[in-house]
2 protein chains.
Amino acid sequence: MKNIIIASTSTVHGSGYLEYILESLEVLYKNTDEIIFIPYARPSGISHNAYTDIAKKAFKTIGKSVKGLHEFKDPKAALKNAKGIFTGGGNTFVLVNQLYTNNLLKTISNVVKEGTPYLGTSAGSNICGLTMHTTNDMPIVYPPSFKTLGLVPFNINPHYLDPITNSKHMGETRETRIKEFHKFNTQPVIGLREGSWLEVKGSSITLKGNLKARIFEYNKTPYEIATNSNLELLNRL
Amino acid sequence: MKNIIIASTSTVHGSGYLEYILESLEVLYKNTDEIIFIPYARPSGISHNAYTDIAKKAFKTIGKSVKGLHEFKDPKAALKNAKGIFTGGGNTFVLVNQLYTNNLLKTISNVVKEGTPYLGTSAGSNICGLTMHTTNDMPIVYPPSFKTLGLVPFNINPHYLDPITNSKHMGETRETRIKEFHKFNTQPVIGLREGSWLEVKGSSITLKGNLKARIFEYNKTPYEIATNSNLELLNRL
């Protein structure tokens, strides 16, 4: 049974790394003290070691030990044996490229579908969707494909931002970008605002956190869903 | 001799399409009354026809006629015979994908290097750089490569945005994104603010418009250059 948290962000303003969501992580990982961290997204280009240290420090506060996937000689075997997995944020292109290079996407998808608890934040959440076509990141490397884990039947847009009223900047709003996406693709997109997350338990998908989420369906007017709403309806697509 | 305008944006706040730059366009296209418009970037997903109509209307005010590249049976021949080319903004992934599909990148690069006047705005400017790795757009389609025209020896970041003071949004700033780019790539990046453009005449590259531009070189602290500065120094790289 799937047991997944897909979080918009690792860190909300004025709070420490993962702090806002630690209570839910204790539940997610209740059956393990050991978590494998996938540091491939390298926020600001930091090293796998430096990034893993940040995850280690946060999980220590709830009594969990963390090991970076890069520390294993055989990362595929490590993921198959993992009791819990966490993929951190950073650059989705860098993350997906490294996952393809190491041939790990299928393995992660399989073990998470079989029940290994999984947490994704930001880029680590993007890859839970069908594709990474709705990432906000800059395409600083060229991955062999934009196809991702497909753990949910839609795409994720993390760090979802509402249009800024009276902005003089002429760049596209997030909503415009997602509308452009739907000129070329048909799957729904969930805009997850900062501090929101999706809780996936088996076939149940629930919005958590204090804020609403914005849903973009193909050929429909975008709409809001309230926290604690169920997103299974999107399974029909 | 190259004769190119690489503009951050087509439209500055409170002004009509291309209005702020029409005077320079009269100079750029002084030897032709006919311009071929490449509408492939499809802003907000609009059709090639609808987009071409917008360009037609703007150029009519300076007495130039515009024909969309999609109106030609043989787009490659059309570009070879063009007296002036304009590539509009929209989504860089969509633009580059269509240019590869129609096998046009080499042709555009050749004719522009030989002197066909070229205007790019936003996505149409991104492709003037060595690669599209520094676009701000959402990767809504998967192009066969991120390599672009290489008309200048660096990458462009159009719509360059300074960090917003006191923002509570935890997404990456533009500067952070470009720094991440330099963990994986070495070419310089020119952050062009709204209303700025580069004027390329032969080997001379000059910053125009009222604002400074921000230069990101590999392993160097980013720095500002004043309007009318020359960017040939970046040719050394």
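Throughout, read-outs are computed from the coordinates displayed, never taken from laboratory work. Quick caveat, the model's predicted, so the values are computed rather than measured. No Cβ is skipped: glycine too gets one built from the backbone with ideal geometry, and neighbour counts run over all protein chains shown.
Residues A:GLU175, B:GLU180, B:GLU172, B:GLU23, arranged from fewest to most other Cβ atoms within 10 angstrom of their Cβ, appear as B:GLU23, A:GLU175, B:GLU172, B:GLU180. Ellipsoid fit via the Cα gyration tensor, segment B:28-119: semi-axes of 18, 17, 11 Å, each the root of five times an eigenvalue, largest first. Karplus-based coupling profile of segment A:99-116, in residue order and whole Hz: 5, 5, 4, 8, 6, 10, 4, 4, 4, 4, 4, 5, 5, 6, 5, 7, x, 4, with θ = phi - 60° in 6.51 cos²θ - 1.76 cosθ + 1.60 and x standing for Gly or Pro. Residues in segment B:59-67 carry Karplus couplings, in order, of 6, 4, 5, 10, x, 10, 9, 10, 10 Hz; the curve used is 6.51 cos²θ - 1.76 cosθ + 1.60 with θ = phi - 60°, and Gly or Pro positions show x. On the basis of the beta-carbon distance and an R0 of 30 Å, B:VAL27 and A:LEU161 show a calculated FRET efficiency of 0.20. Measuring gaps between exposed loop sites in chain A (trypsin sites (Lys or Arg not before Pro); DSSP loop; at most 14 other Cβ atoms within 10 Å), the longest gap, sites not included, is A:84-167.
Taking the Cβ of each residue in A:LEU25, A:LEU198 as the centre, tally the other Cβ atoms inside 10 Å and list the residues starting with the fewest. Least crowded to most crowded, the residues run A:LEU25, A:LEU198.
The fewest-to-most ranking of B:SER125, B:SER145, A:SER203 by surrounding Cβ atoms within 10 Å reads A:SER203, B:SER145, B:SER125. Gyration tensor analysis over the Cα atoms of the protein assembly as shown returns equivalent ellipsoid semi-axes of 42, 23, 20 Å (largest first, whole Å). Each principal axis of the Cα atoms in segment B:3-236 has its own extent, and those three values, largest first, are 47, 37, 36 angstrom. Database remark: amide H of B:ASN157 closer than 5 angstrom to the amide H of B:ILE190, B:GLY191, B:LEU192 (H placed geometrically; neighbours at sequence offset of 5 or more, or on other chains; Pro and chain starts carry no H).
Remark: mean inter-chain Cβ contacts per residue of B:3-9 equal 1, using a 10 Å Cβ-Cβ cutoff to other protein chain atoms.
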